[in-house]
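Student: Got a structure here, written out as structure tokens. Questions coming.
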Amino acid sequence: MFSSRVPGDLEPNRLTRAVRRARAAGTALLDLTATNPTTAGIRYPASILESLASPAALRYEPSPLGLPDARAAVARDYARYGINVAPERLVLTASTSDAYSILFKLLCAPDGDAVMLPVPSYPLFDHLTRLDGVRSIPYRLEYHGRWAIDFETVDEGWTGAVRAVLAVSPNNPTGSMLTGAERAALAERCKARDAALIIDEVFADYALSAHEPSHPDRQKAKGKREKGLEPSECLTFRLGGLSKSAGLPQVKLGWILVDGPEALARGALERLELICDTYLSVSTPVQRAAPSLIAAGAAVRADILDRIRNNDRELRTLAAPYPSIQVLPCEAGWSAVLRVPSPRTEADLVIELLERDGVLVHPGYFFDFAHESFLVVSLLPESPAFVEGVGRVLERAHA
Ligand SMILES: Cc1ncc(COP(=O)(O)O)c(C=O)c1O
């Protein structure tokens, strides 16, 4: 066997095998794990991708951190959160996953250095770290009426090898946001221990309540005369991308906003330029199209927001008559978490839902919840299928 960074534990588990069997048998599934906006009946302006065919894109001008017009368009879009961003502080990437890989290369030496990751959170982090030869050390989010960082686990897990702490706000799948105090406490530790803070903000546009702006800076900026990005205490990287903000995962445009003390930020940008120059992974057509894609993305975002808010309301109404099931409070994002009784394991319940009810949901263990039993459903499916699927889940899970 050759030696490789590709994780060796890719054997399909019981659930994956059950899904394959159901699909092979042609079973029509109500898929409540679906998070692909392009196949969820979201309305896209017919002309949305026309800008990708701009003749200007025929000319290749390699620009490691991104073409100036594209960086300026992303910077301008931050005004939606009430903050000013200098285009020079932005680095364009092909996606958020690409941004993670670039940052791991920037911050971590392989096979020794580590990053701290929240759990429960986005399952891909495990692969993203391993594929860059970076060790991951988990820290916990605990649920006590709301999700909060368990700082004991941050401090217990922190070793001299930690080069960065990752936070996801809004988090997937808990929908929880970093509070100002949590962010300050992470930044303080990073500053004192010479580590960087990485904040994944890809779901920042998706507050589930119409009254709650989900981007913390939008709140802070209110009432300020001079709007500006408050510099972070420590070297900080904030991640965003069109995949979620414009519902366009296929066009492949993400970005890193470099924040923090001037000298650290400048040093990071210089080294990022070298990494990005090595790969030049962001296509010219998408960079030329960035201003139009960002503008057209507003309508898509509004449609997605309608969908997830509507499904979230439906879910809470449908679950109300089932006292043994709790739909956890959720500030923002595309997922909802249900706490359900545990007469059987999550895996058994999810397989039963699949084989007997034709509904696919994620078990909590997929996201590393600390204990059973949780189910995670996507709020993105078309509403009739969502309502039907949730109805079947509640009926099966309540007893
Ligand atoms: C928290 C989080 N970050 C990043 C991504 C991926 O974004 P991208 O498509 O830009 O790689 C996802 C995808 O679901 C996500 O949940």
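Student: If I ask for residues that are at pLDDT below 95, part of a helix (DSSP H, G or I) and either open to solvent by less than 30 Å² (accessible area, probe 1.4 Å) or within 15 Å of the ligand (Cβ to nearest atom) (or both), which ones from segment 75-91 would you list?
Tutor: Answer for segment 75-91, where residues must be at pLDDT below 95, part of a helix (DSSP H, G or I) and either open to solvent by less than 30 Å² (accessible area, probe 1.4 Å) or within 15 Å of the ligand (Cβ to nearest atom) (or both): just Y81.
Student: While we're here: I'm checking my understanding of the structure. Among residues of segment 101-126 that are in a loop (DSSP other than H, G, I, E, B) and more than 16 Å from the chain's Cα centre (by Cα), which one is nearest to the ligand (Cβ to nearest atom)?
Tutor: So, considering only residues that are in a loop (DSSP other than H, G, I, E, B) and more than 16 Å from the chain's Cα centre (by Cα), the one nearest to the ligand (Cβ to nearest atom) is C108.
Student: Here is a list: L52, L65. Which entry is away from the ligand (no atom under 16 Å from the Cβ), not assigned by TED's automatic domain parsing to the domain that holds V282 and not in a strand (DSSP E or B)?
Tutor: None of the other options fit; the residue is L52.
Student: Would you mind finding the one in A72, A148 that is outside the structural domain of H371 (by TED's automatic domain parsing), under 14 Å from Q287 (Cβ atoms) and either in contact with a strand residue (DSSP E or B) (Cβ under 7 Å, 6 or more places away or on another chain) or crowded, with 16+ Cβ neighbours inside 10 Å (or both)?
Tutor: Result: A72 is the single residue among A72, A148 that is outside the structural domain of H371 (by TED's automatic domain parsing), under 14 Å from Q287 (Cβ atoms) and either in contact with a strand residue (DSSP E or B) (Cβ under 7 Å, 6 or more places away or on another chain) or crowded, with 16+ Cβ neighbours inside 10 Å (or both).
Student: Sort out which residues of segment 344-386 are charged (D, E, K, R), in a helix (DSSP H, G or I) and touching a helix residue (DSSP H, G or I) at 6+ places or on another chain (Cβ under 6 Å), and write them in order of number.
Tutor: Within segment 344-386, E346, D357 qualify.
Student: In the set A192, A94, which member is out of contact with any His (no Cβ under 6 Å at 6 or more places or on another chain), open to solvent by 50 Å² or more (accessible area, probe 1.4 Å) and assigned by TED's automatic domain parsing to the domain that holds A268?
Tutor: Step by step, each of A192, A94 is checked, and only A192 is out of contact with any His (no Cβ under 6 Å at 6 or more places or on another chain), open to solvent by 50 Å² or more (accessible area, probe 1.4 Å) and assigned by TED's automatic domain parsing to the domain that holds A268.
Student: Considering segment 232-289 alone, what residues qualify as being within 16 Å of the ligand (Cβ to nearest atom) and in contact with a strand residue (DSSP E or B) (Cβ under 6 Å, 6 or more places away or on another chain)?
Tutor: F237, R238, L239, G240, G241, G254, W255, I256, L257, V282
Student: A follow-up question, please. If you go through segment 297-324, how many residues are under 15 Å from S245 (Cβ atoms) and open to solvent by 50 Å² or more (accessible area, probe 1.4 Å)?
Tutor: 2
Student: For segment 377-390, give me each residue that is surrounded by fewer than 23 Cβ atoms within 10 Å (Cβ to Cβ) and not polar (S, T, N, Q).
Tutor: Answer for segment 377-390, where residues must be surrounded by fewer than 23 Cβ atoms within 10 Å (Cβ to Cβ) and not polar (S, T, N, Q): E382, P384, A385, V387, E388.
Student: For segment 13-23, which positions are open to solvent by less than 90 Å² (accessible area, probe 1.4 Å) and either within 26 Å of the chain's Cα centre (by Cα) or over 13 Å from V359 (Cα atoms) (or both)?
Tutor: Matches in segment 13-23: N13, L15, T16, V19.
Student: Quick one: K252 ticks every box in (1) modelled with pLDDT of 95 or more; (2) among the basic types (K, R); (3) assigned to a helix (DSSP H, G or I) except a single one, so which number is it?
Tutor: It fails just one condition, (3).
Student: Could you tell me how many of the residues in segment 33-49 are within 12 Å of the ligand (Cβ to nearest atom) and aliphatic (A, V, I, L, M)?
Tutor: Result for segment 33-49: 1.
Student: Taking the criterion of being open to solvent by 20 Å² or more (accessible area, probe 1.4 Å), in a helix (DSSP H, G or I) and in contact with a helix residue (DSSP H, G or I) (Cβ under 6 Å, 6 or more places away or on another chain), would at least one residue in segment 160-173 satisfy it?
Tutor: no
Student: For a quick check of your reading of the model, give me the residue pairs whose first member lies in segment 333-346 and is of a type in the set (F, W, Y), whose second is not in a loop (DSSP other than H, G, I, E, B), with beta-carbon atoms closer than 7 Å and at least 6 apart or on different chains.
Tutor: Pairs found: W334/I308; W334/S378.
The values are calculated or read from the model by the stated rules, or taken from the named source; none is laboratory data. Everything numeric here is computed off the predicted structure, so don't read it as measured data. FYI the Cβ positions are ideal-geometry reconstructions off the backbone, even for glycines, and counts take in every protein chain you see. These accessible areas exclude ligands, DNA and RNA; they are computed on the full protein's heavy atoms, side chains included. Shrake-Rupley method; radii C 1.70, N 1.55, O 1.52, S 1.80 Å.
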